[in-house]
Amino acid sequence: MATAWFFPVAEREDLQAFLDNAVVPIHQVDADGIIVWANRAELEMLGYAPQDYIGHPIAEFHVDADVIADMLARLSSGETLHDYEARLRTKAGAIRQVIVSSNVYREDGKFVHTRCFTRDITDKKRVEGERDDLIADLARTVRLNEMFASILGHDLRNPLNAIVMATQMMLGQVSDPKAQRAAQRVLSSSERMRRMIDQLLDFSRARMIGGLPIERKRADLATIVRDAAEEVRFMRPGWPIELAIEGDTEGAWDASRLAQVMSNLLGNAAQHGSAGVPLQITIDGRSPGTVHVDITNGGTIPQDVMPLIFAPFRGRKYKDSRTQGLGLGLFITEQIVHAHQGTIRVASHDDKTTFSLDLPRAAVQPATATFEPPPARTEENPPVRRAGDDALRTLVRGIRDYAIFMLEPSGHIQTWNAGAHAIIGYTADEAIGRHFSIFYPREDVEAGKLERELEIARRDGHYEEEGVRVRKDGTRYWASVLITALRDDVGELVGYAKVVRDLTERKFVEERLRQDEERFKLLVEGVKDYAIFMLDPFGNVASWNAGAERIKGYRADEIIGRHFSLFYPEEDIRAGKTEMELEVAAREGRFEDEGWRVRKDGTRFWANVIITALRDRDGRLVGFGKVTRDLTERRRHEEERVRLAQAQEAVRLRDEFLSMASHELKTPLTVLQLQLDGLCDRIRNVDTALAERIERTNRASGRLGQLVDSLLDVSRIATGKFELHPESFDLGEVTSEVVERMSEAAQAASCRIETEVAPQLVGTWDKFRVEQVITNLLGNAIKYAAGGPIHVGVFADHGEAVIEVSDRGPGLPAEDAQIFGRFERAASMRNYGGLGLGLYIVQQIAEAHGGSVAACNAPEGGARFLVRLPRKESN
Amino acid sequence: MHVVLVVEDDPDIRATLCEALEDNGYSAAGAANGAEALEYLRSGAESPCLILLDLMMPVMDGQTFRTEQRADPQLANIPVVVISAYRDVERQANDLAAEFLQKPVRLETLLETARKHCDAAA
């Protein structure tokens, strides 16, 4: 790999700052495994102060002793480690998952130290873990969702349709007004239930699969609104409706979905609108892009309901405000509007409520969320101050690297700057007015060195030397000193300017600088995870590393000498972003940004960029160090996390949905059942054939109730909310009770149930659930083995209680049939109705008790089910 | 005449329960929530032999109604049967010292409950 290097003769602080501030955690370990150096990123990652880390054995910080031992062994044998996974312990005790890339730096073949780049992948690991959990949960959600669709769409609708058809037929045949009324109520409850099922289906589509699908076709909103208004006239006869239409009301929309929106909104208005105030609808199609609709009625929505107006199931908390049982109408309305990229708002005050809709005529952009990069910082560059006297003074005051001050002709200190404070240690207050002899070792003062210096300065204009000086705290340092005589217009001496630099540091620096440069070069070259490169003061690329090649796609020879704006999207270049970044870095020393950058192949990636200004020892800008990190992956993780949160919300809603659905569906069911019961009684004496039919219908409504219960059970199981409430009871007694209860159904299927129960089989189980097990197994036998005998046995076996149910039906299709799978039915659905949930629930109940269930075909024919429940004797 | 007070916010269920009772020789009064029920009970109208009580209702829910009713010596002795769709209606009803019926309720069960309380009271 071609790597070109440009090295400015940077000040130690700059280079050191660059290394220390590098976003890459870096450390070096010597041949004995002791950490000899670590940068700030590394220390920050782990939370240690330098003295807690540097000088300590690296093994102390590794969680796994064998891992670091292996790493060091490999390194000393000359191996290069790449993306070696390890776990480090932070000061706070947390464990960071990292990958380490490292090799040994040798001089004359001798192990000097390792160069080690660390990358923290803890977040990545966590996200991966969360993602796996989520995928599992989503898979469950999807399965459940399919189940709801199947139950709601098929299993619930069919009996409902049967009820509606039978009732309509009956309506034509009976004249008894009470029967007529009852039949009407059956029909309206069925309709209500059907609406609920539709809403629940929509809800499950919107929230669980990810958006209501819409089909766009040319549609006229005015027609849709007129139709919905007709419904309102029917629902609320005599209520005045004012409809105003302006402009073009056509667009590419899903007409049936928008019809639902209008029906929901107008229905809502019809239900809540004050009687004296007319319903006002305006459709404004005068704008080319969007059609606007306002629906206004009298009345005010309570303030506490307003924030929740579009939320699903708000009805639970605010039952007064619910519209149609489930309170899903407005939620679905909003979902449909959003699916059309439209907006919906509601305003409600002063006895007036308005829903406002904006519907774009066609899709503006795909519905998938797009990530907008945060707006670039637009700091105004302060105008550069042209040096007036004041400005010059300000400038001098701010210089930190040089002590610059003025002396009166007598040698008393007149001015003081930040550098003087930093190097010599006195504050301005402490220094000004004192004699400059305080900076000199006593022996120099006594030898009259000071006077000599001033004399030379007076004579030659300046005096320059390197020598020992003394700081406020008494320590000595090696200083470069320049004293300049200052004279006024007529040549009169007015004082001296003195510039002092601390060379102790520089001497030390110069020794280390070579090492640093070498180290830096070596460090940087190998980094693959970060693009690290240098720019000259004009922004042209001056050096290039492996990471830069990997991330940006350019080879060193392709890019060196070209301007770094190549890495920026065009709009950023036009906006002057590249110049701005360099200006900020030059002014403040450092610039950091996150934003889109462009690879060689034109693709964009989300990057973290740090630009550091590099200056030579005279403070001249010699270029910039630039570190770019590709955060695309991290951003993907973040986006994934957002989706994860949404999915978790979906899961939570699903749970609420289930409990709500089963509860709310029972409301119309209650009406259905009571009315059908009453109808049966009423008709039986009049028309036996009709009564028979109603009886059947009635059974259908009973089945609806069971389905709703199964739905809830399965959802509890699937969401891990299946709880047992154990109590002590006699299994034989309970079994006999269930058999007794089921005897009528068994008789209807011409099944004879033989019961054989052991006495005194007491244990601690959930009675309700155990009854359910027996009921389901018996129900299953009655369904599949009609006409034959059914044997029910309960006995003890090695500390377990066993429930056995066997029949003489067709038996199981294959021994390995997944009979306990959630939707498995041994026979095809055409032959047998109902859900395959019963056996699944049996299995879950048995397992929740620590027991098991087994199914097999008996040698004499028929299926045999054995449920084993551990027997915990109660005291 | 035996009066049964039906406290239920859903108009369909309320009407259906009332009709079912009326069709079978009872007199029924409906209330859409606990507050309406208390108002009825304190209005001087004929005291019911039974109160059928839904739990989740606006304005005043079933629990609050039951607490108020039991605190009023004039009303405390009227038997209450909770009707709810919730699975744990039994536990809730126990907490309220009341019997319970699970929704959806069969006509036969409803009439049995009414017979038990009202015919005995006669």
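The values are calculated or read from the model by the stated rules, or taken from the named source; none is laboratory data. The shown structure was predicted, so the numbers you read here are calculated from the model rather than taken from an experiment. For neighbour counting, all protein chains shown are included, and Cβ atoms are generated from backbone atoms with ideal geometry for every residue, glycine included. Heavy atoms of the whole protein, side chains included, go into the accessibility calculation; ligands, DNA and RNA do not. Shrake-Rupley method; radii C 1.70, N 1.55, O 1.52, S 1.80 Å.
Before moving on, here are some points about what is shown:
- Carbon/sulfur fraction of accessible area - chain B, other protein chains in place, 1.4 Å, %: 47
- Distance between the range A:68-100 and the range A:725-748 - C-alpha centres, whole angstrom: 64
- When the surface is traced with a 1.4 Å probe over the full set of protein chains, A:Thr775 keeps roughly 50 Å² accessible.
- Counting, for every residue in A:75-87, the Cβ atoms of other protein chains within 10 Å of its Cβ and taking the mean gives 0.
- In the range B:81-106, the residues whose accessible area drops by at least 50 square angstrom when the other protein chains are added to the isolated chain are B:Ala85, B:Tyr86, B:Arg87, B:Pro104, B:Arg106; the probe is 1.4 Å and only protein heavy atoms count.
- List A:Thr427, A:Thr296, ordered by accessible area with a 1.4 Å probe, largest first: A:Thr427, A:Thr296
- Accessible surface buried at the A:B interface totals approximately 2500 Å², computed with a 1.4 Å probe on protein heavy atoms.
- Cross-linked pairs A:Lys666/A:Lys767; A:Lys178/B:Lys103; A:Lys91/A:Lys472; A:Lys178/B:Lys116; A:Lys577/A:Lys626: Cα-Cα separations exceed 27 Å for A:Lys91/A:Lys472.
- Every helix of 4 or more DSSP H residues in chain B counts as -39500 (n - 2.57), and over all residues that averages to -10500 deg cm²/dmol at 222 nm.
- Net charge, A:Asp677 excluded, C-beta distance under 9 Å - Lys, Arg +1, Asp, Glu -1: -1
- Relative contact order, percent, chain B [alpha-carbon distance under 8 Å, six or more residues apart]: 23
- Packing-based ranking, highest mean first, of A:552-564, A:849-861 given that Cβ atoms within 10 Å are counted: A:552-564, A:849-861
- Charge dipole (Cα centre; +1 on Lys/Arg Cβ, -1 on Asp/Glu Cβ; no other charges) of the range A:668-806 amounts to roughly 720 debye.
- The HN-Hα couplings worked out from phi for the range A:474-490 by the Karplus form 6.51 cos²θ - 1.76 cosθ + 1.60 (θ = phi - 60°) are x, 6, 9, 9, 8, 10, 9, 10, 10, 10, 10, 7, 10, 10, 7, 4, 8 Hz, whole numbers, x standing for Gly and Pro.
- Average other protein chain Cβ within 10 Å of Cβ, residues B:14-23: 4
- Of the residues A:Lys498, A:Lys178, the one with the largest accessible area comes first in the ranking A:Lys178, A:Lys498, computed with a 1.4 Å probe on protein heavy atoms.
- Taking a sphere under 10 Å around the Cβ of A:Gly285 and counting the other residues whose Cβ falls inside, with K and R at +1 and D and E at -1, yields a net charge of -3.
- Ranking A:Tyr530, A:Tyr105 by solvent-accessible area of protein heavy atoms (1.4 Å probe, all protein chains present), from largest to smallest, gives A:Tyr105, A:Tyr530.
- Note on chain B: GNM, Cα springs under 10 Å; of B:Leu38, B:Leu17, B:Leu53, the largest mean-square fluctuation is that of B:Leu38.
- Mean accessible surface per residue for the range A:238-280, computed with a 1.4 Å probe while every protein chain stays in place, in Å²: 40
- Along the range A:432-446 the Karplus relation, 6.51 cos²θ - 1.76 cosθ + 1.60 evaluated at θ = phi - 60°, assigns HN-Hα couplings of 4, x, 8, 7, 6, 5, 5, 8, 10, x, 4, 4, 5, 4, 5 Hz to successive residues, with x for each Gly and Pro.
- Interface burial in the range A:171-187 reaches 40 Å² or more for A:Arg181, A:Arg185, comparing the full protein assembly with the chain by itself; accessible area from heavy atoms with a 1.4 Å probe.
- Between the range B:1-57 and the range A:591-637, the Cα center-to-center distance that results, in Å: 75
- Here the range A:721-787 has an Rg and Dmax of 13.0, 38 Å, counting Cα atoms alone.
- Rounded is the label for chain B, because a/c, from the alpha-carbon gyration tensor with a ≥ b ≥ c as root eigenvalues, stays below 1.5.
- Candidates B:Gly34, B:Gly44, B:Gly25, ranked by Gaussian network fluctuation over chain B, Cα under 10 Å, top entry: B:Gly44
- Chain-alone versus full-assembly comparison, the range A:670-703, residues with accessible loss of at least 40 Å² (1.4 Å probe): A:Thr670, A:Val671, A:Gln673, A:Leu674, A:Asp677
- Global geometry of the range B:1-64, whether rounded, prolate or oblate, following the gyration tensor of its Cα atoms and the 1.5 cut on a/c: oblate
- Shape of the range A:768-807, Cα gyration tensor, a/c cut at 1.5: oblate
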